[in-house]
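See below for the structure under consideration.
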Amino acid sequence: MSTTASSGTVVRPWDRSAAQVAQDAAGLIGSAEISNTALRRYLFGLPGVDEVGAKARAAQLGTRSIKTTAKAWALDTIISMIDLTTLEGADTPGKVRSLVAKARTPEPGDPGCPRPAAVCVYNDMVSTAVEAVGSSGIHVAAVSTAFPSGRASLAVRLADTADAVAAGADEIDMVIDRGAFLAGDYLKVYEDIVAVREVCHQGERPAHLKVILETGELVTYDNVRRASWLSMLAGADFIKTSTGKVQPAATLPVTVVMLEAVRDFLAATGVQVGVKPAGGIRTSKDAIKFLVAVNEVAGERWLDPDFFRFGASTLLNDVLLQRQKLSTGAYSGPDYVTID
Amino acid sequence: MTVVGEGRRVDVRKTYKLYVGGAFPRSESGRTYEVRSARGAFLANAAMASRKDARDAVRAARAAQPGWAGATAYNRGQVLYRVAELLEGRRAQFVADIRAGEGLTGPRAEAAVSAAIDRWVWYAGWTDKVAQVAGNANPVAGPYFNLSSPEPTGVVGVIAPQRSSLLGLVSVIAPPLVMGNTVVVVASQERPLPAITLGEVLATSDVPGGVVNVLTGRTAELAPVLASHMDVNALDLAGAVDADGVTWGDLEALAADTVKRVRRPQGDAEPRWRDEQSLAQVLAFTETKTVWHPKGT
């Protein structure tokens, strides 16, 4: 924990004004004017990622054995960090309502079972979800900005976001323009995020902004590290690995690289940004590996639903099965949880 | 110095593995145990499965179940008959396995293997006939067809007989397969070799991976896991009568928690397996589905 600031000075990213974000960014890149050249100079000045080392580190963290009471704690923590997700073309209001019902009462036989942090739906389903969530305290996250490709004009993407915010979304998951990023137009990516953040902050209560890097399309870990920093400079509240529509999605090494980035960003600016791996995490065993990585790489202060989330649809059921196994001692089966 | 072909060889000592989901994994626990002949000579090492292996086997069986039950009855019959062909091809190995394991004479071992293969063929023939015999068009007072037909129960946990390591084994795993159940079988603790060889036969047959899963190890350790597993639908306790440290009544009580269908052992000792061949054993692992359909006019 030597690299992180003391708890008194930590700033939650969504509490910052746009001016503070710009000031923090300018301070980091050492240039009052945020230009493509300045961003490029800064991002290329970040140390490179040792790919073999990152993979080895992730593999090593995956070998930890988490048992009994630690496992029970981990399972409950995982549930409280899940963004229960449905992102299908075939989503109906009924399906969204049943997803919310599942989030409100994940384990009907055990009222002590924690609830997922949020439900994550497409933009047009936000009002349905908000109505179903009611006063339960579960957040509604919306994937906006022409998810999943992001291939639309800025005006359309901003209107998309404004729509979701107006419908009552508590969290906005935006995608970055990977084309611009890969072409080296970092300023465009930066300005997009700043613009979307502004829309998120228009209401009385700011919607948290999660920025999806879509690491499966960024090719290298160096790019993942640069995209992470670029997003945080522009004011992301969370950096998220993937849309779930591209393979590979949330791998452990990529998440380790992003956790290193948020850790270092906190040390540099005093702002604690969250991380959300999404896509492909289906079993409790995998999810526990991520928790180990969070604790070991970023630190304990990230073991909090405000700063770490899982984007997943089937993970919840597997965690519930493991919970049942722990409480009854007998292995459980898919007959004892809901069909999505 | 030894010379190749001089008659003196280094022993090739075998360490067998489990058969789960169509693959041959080692036990997750890494444990093995020695299998000895009826006279106490070392035969091979077998994997000593743990409860996690049992869990994995149930998962594999569950995954394979819809596909196996969804195959046409005729196709299941063909696939099972093909297994009998392969058993015939491996006859010599089975004879050697049970001669050593059960201490039988050559002719008696031959007879037991023949009986086992014939039994497999007999059950294979039933796949497309059970519905005719056990199903029915029920007479009802109304303009409806009312049809009952047998359906597989699902995943069946089988505690294989401890003494009769091939004929007994075939007698308990072939019947549930007929209608489309999938099986997790705990092989005889002291005599697991025929079950392991049967796994090798199944792996090279057309039986899809996961339809039959063979666990070797301590019956007293594995049986309660299957009995209490919430995703196992039925349990055959044939081998629980004389397994070390197992009380079959306890297993039945565990199974009652999840309302499993349980086939109790018949009597206090293993039956004469030669006589244990009947349609009732197939129907022990079926459920009756009844549908109403309007006749129209």
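Taking the longest Cα principal axis of chain B as reference, the axis of helix B:91-102 is set at about 80 degrees. Against the empirical 2.2 N^0.38 Å (N residues), region A:56-156 has a Cα radius of gyration ratio of 1.34.
Springs join every pair of Cα atoms under 10 Å in this Gaussian network model of chain A, and among A:196, A:292, A:246 the largest mean-square fluctuation is at A:246. Sequence-ordered 3J(HN,Hα) estimates for region A:136-151 from the Karplus curve with 6.51, -1.76 and 1.60 and θ = phi - 60° stand at 6, x, 6, 7, 10, 10, 10, 8, 10, 6, 6, 4, x, 7, x, 8 Hz, glycine and proline given as x. Of the trypsin sites (Lys or Arg not before Pro) found in region A:30-74, the ones in coil according to DSSP and having at most 10 other Cβ atoms within 10 Å of their Cβ are A:67. Ranked by the mean number of other Cβ atoms within 10 Å of their residues, highest first, the peptides A:254-262, A:199-207 fall in the order A:254-262, A:199-207. DSSP finds beta bridges in region B:32-294, and of those with both partners inside it, around 50 percent are antiparallel. The length gained on full extension between residue A:18 and residue A:182, counted as 0.36 nm times the residue separation minus their Cα-Cα distance, comes to 56.5 nm.
Proximity of backbone amide H atoms, modeled 1.01 Å from N, is registered between residue A:271 and A:11 at under 5 Å, excluding neighbours fewer than 5 places apart on the same chain. Here the residues B:204, B:197, ranked from fewest to most Cβ neighbours within 10 Å of their Cβ, fall in the order B:204, B:197. Rg ratio for region A:1-104: its Cα radius of gyration over 2.2 N^0.38 Å, N being its residue count, equals 1.66.
Sorting A:232, A:81 by the number of Cβ atoms found within 10 Å of their own Cβ, with the fewest placed first, yields A:81, A:232. If both residues of a DSSP beta bridge must be in the protein assembly as shown, then about 30% of such bridges are antiparallel.
Model label points for residue B:52 and residue A:59, set 7 angstrom from Cα along the Cα-to-Cβ axis, are 1.9 nm apart. At a temperature of 25 °C and a viscosity of 0.890 mPa s, determine how fast region B:134-177 diffuses translationally according to Stokes-Einstein, using the Kirkwood radius over alpha-carbon pairs as Rh; express D in µm²/s, rounded to the nearest whole number. Translational diffusion coefficient: 181 µm²/s. Legend: calculated FRET efficiency, residue A:44 to residue A:135, from the Cβ-Cβ distance at R0 = 51 Å, rounded to 0.05, equals 0.60. If a spin label sat at a point 7 angstrom from the Cα of residue B:256 along the line to its beta carbon, no backbone N atom of region A:303-340 would be nearer than 17 Å. Cross-link reach is defined here as a Cα-Cα straight distance under 16 Å, omitting same-chain residues fewer than 8 places apart; for residue B:289 the aspartates and glutamates meeting it are B:151. Taking 0.36 nm per residue of separation and subtracting the Cα-Cα distance, full extension of the segment from residue B:144 to residue B:242 would add 30.3 nm. Ordered by the count of other Cβ atoms within 10 Å of each Cβ, fewest first, B:88, B:102 give B:88, B:102. Modelled label positions at residue B:122 and residue A:155, each set 7 Å beyond Cα in the direction of Cβ, lie 8.2 nm from each other. Pairs from the table (B:14/B:52; B:52/B:129; A:245/B:260) lying more than 32 angstrom apart at Cα are B:52/B:129; A:245/B:260. At an R0 of 56 angstrom, the distance between the Cβ atoms of residue A:268 and residue B:63 translates into a FRET efficiency of 0.70. Legend: calculated FRET efficiency, residue A:105 to residue B:88, from the Cβ-Cβ distance at R0 = 51 Å, rounded to 0.05, equals 0.35. You can think of it this way: the chain between residue B:268 and residue B:9 has 88.7 nm of extra reach, that is 0.36 nm per residue less the Cα-Cα gap. Pull up all non-local amide H partners of residue A:212: gap of 5 or more, or a different chain, and H-to-H distance under 5 Å with H placed in the peptide plane. Under 5 Å from the amide H of residue A:212 lie the amide H atoms of A:174, A:175, A:176, A:240, each far enough along the sequence or on another chain.
In percent, rounded to a whole number, the relative contact order of chain A is 21, using alpha-carbon pairs under 8 Å and six or more apart.
Residue by residue, region B:191-203 carries 3J(HN,Hα) couplings of 10, x, 4, x, 5, 5, 5, 4, x, 5, 5, 5, 5 Hz when phi is fed to the Karplus relation 6.51 cos²θ - 1.76 cosθ + 1.60 (θ = phi - 60°); x denotes Gly or Pro. Rg and Dmax over the alpha-carbon atoms of chain B stand at 20.2, 91 Å.
Averaging the Cα positions of each part gives two centres, and for region A:241-264 and region B:255-273 these lie 51 Å apart. Under 5 Å from the amide H of residue B:287 lie the amide H atoms of B:151, B:153, each residue being 5 or more positions distant or on a separate chain, with H modelled from the backbone and absent for Pro and chain starts. Counted over the protein assembly as shown with a bin width of 10 Å, the fraction of Cα pairs per bin, in whole percents, is 3, 14, 20, 18, 15, 14, 10, 5, 1, 0.
Expressed in units of 2.2 N^0.38 Å, where N is the residue count, the Cα radius of gyration of region A:7-329 is 0.95. Working from label points 7 Å from Cα in the Cα-to-Cβ sense, the residue A:90 to residue B:220 distance is 5.1 nm. Among A:59, A:167, A:25, the largest mean-square fluctuation in a Gaussian network model of chain A, built with springs joining Cα atoms closer than 10 Å, belongs to A:59. Sequentially through region B:41-53, phi angles give Karplus couplings (6.51, -1.76, 1.60; θ = phi - 60°) of 7, 5, 10, 5, 9, 10, 5, 9, 5, 10, 5, 5, 5 Hz, Gly and Pro residues having no value and appearing as x.
Readers should treat all values here as calculations from the given coordinates under stated rules, not as data from a laboratory. Quick caveat, the model's predicted, so the values are computed rather than measured. FYI the Cβ positions are ideal-geometry reconstructions off the backbone, even for glycines, and counts take in every protein chain you see.
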